[in-house]
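All remarks here apply to the structure that follows.
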Amino acid sequence: MLGRTANNIYWMARYVERAENMARLLASTYHMSLLPASDRNGIRQWEAPIDIVGGREDFLARHGEVSSGNVIHFVALDPENPNSIRSNIRRARENARATRQDLTSEVWECLNQSYIEIENLSYPKVVDQGFPEIFDWVKERSHLFRGAIYGTMRRGQSFTFCRLGTFIERADNTARLLAVKWTLLTPNSTKPMAAEDYYRWGSLLRAFAAFKAYREVYSGIIEPRKVAELLVLRADMPRSLTACIGEVARILVNLRRDAPCTRLAEQIHARVRHSRIDSILRSDIRRYLNDFVVRNNELHGRIGHEFMMV
Amino acid sequence: MTRDGFFDEMNGDGGDIRRAYQTYCEWLRSVPPERLAEKHQQADILFRRLGITFAVHGDDDGVERLIPFDVIPRILDPDEWRTVATGVSQRVRAINAFLDDIYHEQEILKAGRIPATLVLNNPAFRPEALGLDVPRRVYVHVAGIDVVRVGPDEFYVLEDNCRVPSGVSYMLENRETMMRLFPELFSRHRVAPVNHYPEVLLRTLRAVAPPGVSDPTIVVLTPGHFNSAYFEHAFLAREMGVELVEGQDLFVDDNTVFMRTTEGPQRVHVIYRRIDDDFIDPLAFNANSTLGVSGLLSVARNGRVALANAVGTGIADDKAVYVYVPEMISYYLGEKPILNNVPTYALRNPDDCAYVLDHLEELVVKEVAGAGGYGMLVGPFSTADQRSAFRAKILANPEGFIAQPTLKLSTCPTLVAGEMVSRHVDLRPYVLTGETTTAVPGGLTRVALREGSLVVNSSQGGGTKDTWILEG
């Protein structure tokens, strides 16, 4: 397969995954914002999506003050924000279009349809429907995309690079989101958790589709330590760091066992697999997560270099 | 003859239905007219879903649109096709011999059969290709020869497209669509298949691989997805099962062309390129081109990669060189031309120029460098203003123009706004040359949808039809 084609397919999958994760982040933030809270804390919650997406100055210049509506507009729909959900879907489709002959028509048509629908969506319409509608829509389109890939694509290199893009992106998103939210949510150690904190941690779990899983795995109340364990270390959680990097390592082993990027993926995976949550928390989980983001990005660079000749 | 002395391919001279159309007409009589209109709509939906669109040149909105497709087939019987097929193959054989000659010994020029200046000073002549040996001495592997018909046995060649002729995907998709919409017609007729075209193309490309390569790696080289024919490039690559590459996917190292793959560099032996000479190698031609591959021509020169079509074929389809194709046929093949050339006035010739300026309202005037039906005056359908504008253009640059009598293009029944009407058509059969030269039975029929119009180009309101060659 052409390196450029692999690169297009890889980015197509990354952009769709990124769009889904942003929708999850917005949905979770919106959910939290409905809780009674002091105004200051409420606004701080809405700064998180801008911090994760980037482009704070651009946001302030064009949208003014931080408010739920402005942030949702900027992160979900703003065509001038290169990292908005709309921009991600557009870029996913551009990548797909450039390599359409390597995709099944189901995958292409799914993405093309998502693009057409979001292009026709205006902010007033989103307000009118209620914000959760668009979050759900993005998630559904992403599920459909993944399903079309799973259900129709031959298990060849196109499929492989699709999956690689999905998991590299998801690992990056989980780590970043958790790092930002951790700062916002961790209660002052001297103060006991208040009732609303439990709701906030619950909302965070929902951002990773992990609320139900938490209840299945742990009995009792929601504790930050267990949330972190679930999202970083549990191999059976589809969005945890261990699961994502483990998947990347397995894909690379099948693709080329002796490639340098395969060894790197296995190293990152081993490090996460052998971590203990208490020692992560003792040293500083944010540093741990940021370090993961850096290593994951290095892996991304090596994959590009070794397979896509970029 | 029917209307205004135009030959109609179904009704002939207005008496009996012509042989090729008899079975079709029986069927047509049994079908309610609304049904055809319905099928027409279905065809539109099919084409849109498949994404068979083209970008119109010079259109500001840059939208992709469908080329209108007509559901009434154009039907030729075996004898009619034999004339066309042997005729276009003959031309392509002569053109390949001509190209081999002018890039080597130039004997036809020395013999004075074609004016040397016309070839050597022509911008389409590529000195870079001089002395370059190509596998099997084939230059034009894929040709699209534009043929028009003016009577039962009278065919004329308008143009020999020898650079990167397009449109073959329409021939294939039109057939696919007709078979889906009218399966019953295909059980009533024995229509020669066209679906094997990609297979024949692949065989052609394999046949011209550099010597000693038994299992060549073949690629289709496209300018990219902004090109109006990108759909066709992707289609042919997929049908042949080869990679569709852009210039950036290829590189030259150690006198070899490689493509960048996920497995590392992989050697490429044959490039079916859909990029013009000017852009194919920035080292040899246009230095600003980002579409091509640096050093490609030097690898071809060393016989380490084959380009299809070869570099420099544009000289053979130059409108001024066209006049001499019958001469090539007699010089190289010792045969008589099977198909007519259209009598052509070269306006660089003062006598011709004077005659043409006196007869503008009867003639078709074309820009030598024009394509796609742009820069063309159709005398009988022109206004006085258009003629005087053209007169000024001609006087400013007579070398830039040729003129031909207005041909009485044949008509075919066509569905326009639900009504069966007569519209003018042409035909572009595709001729492939590898080990041998063959014309794939059929081709692309283009139809001028505007009443009375003789311009069939899609950019000028033309549509397409499926072309049926009946098997004897």
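The values are calculated or read from the model by the stated rules, or taken from the named source; none is laboratory data. The model shown is predicted, which means the values in this text are computed figures rather than measured ones. Note that each Cβ is placed from the backbone with ideal geometry, even for glycine, and that neighbours are counted across all protein chains shown. Note: accessible area is taken over every heavy atom of the protein model, side chains too, but ligands, DNA and RNA are not part of it. Shrake-Rupley method; radii C 1.70, N 1.55, O 1.52, S 1.80 Å.
Key figures
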item: The stretch A:153-236 - percent of accessible surface contributed by carbon and sulfur, probe 1.4 Å; result: 52
item: Interface residues in the stretch A:1-22 - accessible area drops by 40 Å² or more relative to the isolated chain, probe 1.4 Å; result: A:Met1, A:Leu2, A:Arg4
item: Largest-first ordering by accessible area, 1.4 Å probe, given options A:Trp182, A:Trp137; result: A:Trp137, A:Trp182
item: Mean separation of Cα contacts under 8 Å (6+ apart) over length of the stretch A:156-310, as relative contact order %; result: 29
item: Solvent-accessible ranking of A:Ser105, A:Ser219, largest area first, probe 1.4 Å; result: A:Ser219, A:Ser105
item: Kirkwood hydrodynamic radius (C-alpha pairs) into Stokes-Einstein, the stretch B:83-181, 20 °C and 1.002 mPa s, D in µm²/s; result: 134
item: Within the accessible area of the stretch B:329-472 (1.4 Å probe), percent carbon and sulfur; result: 51
item: Chain A, helix-only ellipticity at 222 nm - DSSP H runs n ≥ 4, -39,500 (n - 2.57), divided by all residues, nearest 500; result: -24500 deg cm²/dmol
item: Under-5 Å amide H pairs with B:Trp468, H placed in peptide plane, nonlocal only; result: B:Arg74, B:Ile75, B:Leu76
item: Antiparallel DSSP beta bridges within the protein assembly as shown, as percent of all bridges there, nearest 5; result: 75
item: Cβ crowding within 10 Å averaged over residues, with B:305-315, A:242-252, B:185-195 ranked highest first; result: B:305-315, A:242-252, B:185-195
item: Burial order of peptide ranges B:297-303, A:62-68, B:410-416 (average beta-carbon count within 10 Å, highest first); result: B:410-416, B:297-303, A:62-68
item: Fraction in percent of alpha-carbon pairs per bin - 10 Å, the stretch A:1-153; result: 11, 40, 31, 14, 4, 0
item: Relative contact order computed over chain B (Cα-Cα under 8 Å; 6+ residues apart), in percent; result: 24
item: In the A-B interface, the accessible area buried, summed over both sides, Å² (probe 1.4 Å); result: 1600
item: ³J(HN,Hα), Karplus 6.51/-1.76/1.60, whole Hz, each residue of the stretch A:291-306, x for Gly, Pro; result: 4, 4, 4, 5, 5, 4, 5, 4, 4, 4, x, 5, 4, x, 5, 7
item: Rounded percent of accessible protein surface that carbon and sulfur make up, the stretch A:54-151, 1.4 Å probe; result: 47
item: For the stretch B:343-405, Kirkwood radius (reciprocal of mean inverse C-alpha pair distance, Å); result: 11.2
item: Average other protein chain Cβ within 10 Å of Cβ, residues B:224-237; result: 1
item: Hydrodynamic radius (Kirkwood) for the protein assembly as shown, which is based on Cα pairs only, to one decimal in Å; result: 30.3
item: For the protein assembly as shown, accessible area per residue (1.4 Å probe, heavy atoms of protein chains only), Å²; result: 42
item: 1.4 Å probe, heavy atoms, protein only - residues of the stretch A:97-126 losing at least 50 Å² accessible area vs chain alone; result: A:Arg97, A:Gln101
item: Threshold 50 Å², the stretch A:264-310 residues less accessible with all protein chains present than alone (1.4 Å probe); result: A:Met309
item: Over chain A: Kirkwood hydrodynamic radius from C-alpha pairwise inverse distances, Å; result: 20.1
item: Isotropically averaged projected area of chain B, using the convex hull of Cα atoms (one quarter of hull area), nm²; result: 23.4
item: Highest to lowest packing among A:82-88, A:14-20, scored as the average C-beta count within 10 Å; result: A:14-20, A:82-88
item: Rg/Rh for the stretch B:355-472, where both radii come from Cα atoms and Rh is the Kirkwood radius; result: 1.05
item: Selection of trypsin sites (Lys or Arg not before Pro), the stretch A:274-310, meeting DSSP coil and at most 12 other Cβ within 10 Å; result: A:Arg276
